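To start, the structure under review is shown below, and the notes come after it.
The numbers here are math on the coordinates, done by the rules we state, and not lab data. No experiment lies behind these values; they were computed from the predicted model shown. Don't worry about glycine lacking a Cβ; one is built from the backbone with ideal geometry, like all the others, and counts go over all protein chains shown.
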């Protein structure tokens, strides 16, 4: 009985202290884009070792960058009601241990990626570099336009997956990466508007603060349209059948509708609906790309 209680305490400690550092929904979505990028090449032979290498290297690299971001942002996280209970600002994990964990995961992810291919490893490293160094450390606290660089980082996993499958950077991989890049503002800017007071308290520059909610809603709408168009171009280039293309069109139509509604009738409810649907749209679109490979 004592052994069982000890095991439960260990699992509870891991769940409460370490698991939140990985931002599991965000990590899972980015990992899904990487797998979809790989499957989009319709490789005739899919080795489980390659899939394991792709999944493992991306998981470690994405998780490592996420932990490092949380380590660096622990001071501003403590100022926001939404994030003040995260392990680092809440004192559940020391900054030293958080930094070590982030560095170890990042090194494991990038090293594993380079073992699978030099170009693949370079893109995985670029994603981590853009996310941690350019976006989080250099720009996030200085300009609202930092989301562009965050979007570039977000587009790296799908490009990396495509490169691992094809051995080169092609226009389909670039268009898939651009689809994610333009999807990022839809995801982030709606979140900025929903948590406007939190970002204001932390002193993080955002579009709603700098340009107003009207311009932010317009930016979200334009970004959503471009993201859907780029995803459609990618799907056509990959050679999706008409059945899958029609499903993609329906998904894009929902994104267009909510983006338009956010301009015509802006409200917290519409913005939150667009925020939720944007994640569902990206996941569903990536699943369609992967499903066609079978």
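Quick look at the values:
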| item | result |
| --- | --- |
| Which of 149, 19, 183 has the fewest Cβ neighbours within 10 Å, and the rest in rising order | 19, 149, 183 |
| Over the chain: helical MRE at 222 nm, DSSP H runs n ≥ 4 each giving -39500 (n - 2.57), nearest 500 | -25500 deg cm²/dmol |
| Point-to-point label distance, residue 264-residue 242, nm (Cα→Cβ direction, 7 Å offset) | 3.0 |
| Semi-axis lengths (Å, descending) of the ellipsoid that matches the C-alpha gyration tensor of segment 145-269 | 29, 19, 9 |
| Proportion of all alpha-carbon pairs of segment 64-123 beyond 13 Å (%) | 62 |
| Rounded FRET efficiency, nearest 0.05, which uses the C-beta distance separating residue 133 from residue 256 and R0 of 35 Å | 0.50 |
| Fully extended contour minus Cα-Cα distance, from residue 14 to residue 92, at 0.36 nm per residue | 27.0 nm |
| Theoretical FRET efficiency, 1/(1+(r/R0)^6), r = Cβ-Cβ of residue 78 and residue 214, R0 41 Å, to 0.05 | 0.85 |
| Modelled label reach - residue 28, point 7 Å along Cα→Cβ, segment 223-253 residues with backbone N closer than 19 Å | none |
| Relative packing of 154-161, 81-88, which averages over residues the other C-beta atoms within 10 Å, highest first | 154-161, 81-88 |
| Mean projected area in nm² (Cα convex hull; one quarter of hull surface) for segment 9-128 | 8.3 |
| Protection proxy ranking of 260-273, 119-132 - average other beta-carbon atoms within 10 Å, highest first | 119-132, 260-273 |
| Residues residue 111 and residue 49, FRET efficiency given R0 of 22 Å [Cβ-Cβ distance, rounded to 0.05] | 0.85 |
| Peptide ranges 108-114, 207-213 listed from the most packed, as the mean C-beta count within 10 angstrom indicates | 108-114, 207-213 |
| Three principal axis lengths of the chain [C-alpha, angstrom, descending] | 56, 49, 41 |
| Compactness index (Cα Rg / 2.2 N^0.38 Å), segment 101-210 | 1.18 |
| Pair residue 229, residue 283: separation of 7 Å Cα→Cβ label points (nm) | 2.8 |
| The chain - percent relative contact order, Cα under 8 Å, separation 6 or more | 21 |
| C-alpha center-to-center spacing [segment 113-156, segment 191-245] in angstrom | 18 |
| Ranking of 189, 101, 283 by count of other Cβ atoms within 10 Å, fewest first | 283, 101, 189 |
